[in-house]
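In what follows, a structure is listed as structure tokens, so that the remarks can point back to it.
Values quoted throughout were computed directly from the atomic coordinates according to the rules given, and no laboratory measurement underlies them. Everything numeric in this text was worked out from a predicted model, so none of it was measured. With ideal geometry, Cβ positions are generated from the backbone for all residues, glycine too; neighbour counts draw on all protein chains shown.
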Amino acid sequence: MTTTKLGVHALVFRGGTTPDEISGILAETKAAGYDIIELSLHDADNLDVARTRDEIAAAGLEVVCSRGLAFDKDVSSDDPAVVARGAALLQESLVTTHELGGRFFTGALYSALGKYGHALTAAGRANVVATLKDLAAEAKTRDMRLGLEICNRYETNVINTAADALRLADDVGADNVDIHLDTYHMNIEENDMAGPVRLVGDRLGYVHIGENHRGYLGSGHIDFPTFVHALADIGYSGPMTFESFSSAVVSPTLSNDLAVWRNLWSDGPALARHARATMSSWIEAAHAS
């Protein structure tokens, strides 16, 4: 049986990344039995990088960092000044990930997180490709990989399906750029839960597990067993990270960007324990059949 490390998104526990919040996030991640903590860098101004790195190491956890961009720092823009600000933020975030001890930086690294009022332009796509080429080259000097998280049409106009992501990765042309599938977004955009997994194949580098409403696993309608069986079929052994959002744990910026208006749960640690047990059972069943 392949070994899949299980992760959890920090926003299951806390809304920001101040020192006190980080200490609580890491303690609860460890207590729930996870191997990986995913930190969103939306709150990087409050992040004590050196202290956090030490605490992650002391907890025996691995770290993955993620982020999206804002419209004034959108690398898919036609405006060179906007693109330059976005590219600088991505490079800064890559360095932060490295300094935290992380080797994987993922997310919507290619656009703002939000509803666009128009289709992606040819110039905007060219700016995305050029930015990601530079970012991948810098990542390679640090022995790091990038993930292209595929997001739904209401959060980006750049890549919405696995096929879109593969075309973008091909145009970037770097061997340290992986595809990042997220079941929440797949539920909106893909025809089924297995085809995209098989299409991506060995280029799959990271997985987000989230319900269609981003609440408790099993309380929605996503066909997770089919998805996890497909992962087993392609021999995927990378991270599987649980992601869930509720208005009970609020990040003032990210919650608005992701339209987190409902309180789907209030006890993050209980949610995390349930998710870990559920994902483990799916993995065990997939490899037993």
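On each of the three principal axes of the Cα atoms of region 20-75, give max minus min coordinate, whole Å, ordered largest first.
Extents along the principal axes: 38, 19, 15 Å.
Alpha carbons only, please: Rg and Dmax for region 169-289, in angstrom.
In order Rg, Dmax, the Cα atoms of region 169-289 give 15.2, 44 Å.
Quick one: P(r) of region 1-117 from all Cα-Cα pairs, 10 Å bins, percents rounded to integers, in order of increasing distance.
14, 43, 28, 13, 2
Can you give me the P(r) profile for region 125-232? Cα pairs, bins 5 angstrom wide beginning at 0, each as a whole percent.
Using 5 Å bins, I get a P(r) of 2, 13, 22, 22, 18, 12, 7, 3, 0 for region 125-232.
Given the convex hull over the Cα atoms of the chain, what projected area results after averaging over all orientations, in nm²?
Averaged projected hull area, Cα only: 13.5 nm².
Report ³J(HN,Hα) in whole Hz for each residue of region 180-196, in order, from the Karplus equation J = 6.51 cos²θ - 1.76 cosθ + 1.60 where θ = phi - 60°; Gly and Pro get x.
Running phi through 6.51 cos²θ - 1.76 cosθ + 1.60 with θ = phi - 60° gives 10, 8, 10, 5, 4, 6, 4, 4, 8, 9, 9, 6, 7, 9, 9, x, x Hz.
Using the number of other C-beta atoms within 10 angstrom as an exposure proxy, rank E92, E243, E189 with the fewest first. Kindly include the intermediate steps, with their values, before the conclusion.
Working: E92 12, E243 23, E189 17.
By the 10 Å Cβ count, ascending, the order reads E92, E189, E243.
Give me the count of lysine pairs in the chain whose alpha carbons sit under 29 angstrom apart, restricted to pairs 8 or more positions apart or on different chains.
The result is 7.
Which order, highest average first, do 119-129, 33-43 follow once you tally other Cβ atoms within 10 Å for each residue and take the mean per peptide?
Ranking, from highest mean packing down: 33-43, 119-129.
Starting from the eigenvalues of the Cα gyration tensor, five times each then square-rooted, give me the equivalent ellipsoid semi-axes of region 58-206, largest first, whole Å. Before the final figure, lay out the partial values.
On the way: eigenvalues 92, 83, 39 Å².
The three semi-axes for region 58-206 are 21, 20, 14 Å.
Could you identify which residue out of T18, T156, T131 has the top mean-square fluctuation in a GNM of the chain using Cα springs shorter than 10 Å?
T18
Over the chain, what is the mean sequence separation of C-alpha contacts under 8 Å (at least six apart), divided by residue count, expressed as relative contact order in percent?
It rounds to 20 percent for the chain.
Given the DSSP H assignment, sum -39500 (n - 2.57) over each helix run of at least 4 residues in the chain and divide by its residue total; what's the result at 222 nm in deg cm²/dmol, nearest 500?
-13500 deg cm²/dmol
Apply the Karplus curve 6.51 cos²θ - 1.76 cosθ + 1.60, θ = phi - 60°, to the phi angles in region 115-121 and return the couplings in whole Hz, x for Gly and Pro.
7, 8, x, 7, 6, 4, 8
For region 186-260 and region 41-111, what is the separation of their C-alpha centers, rounded to whole Å?
21 Å
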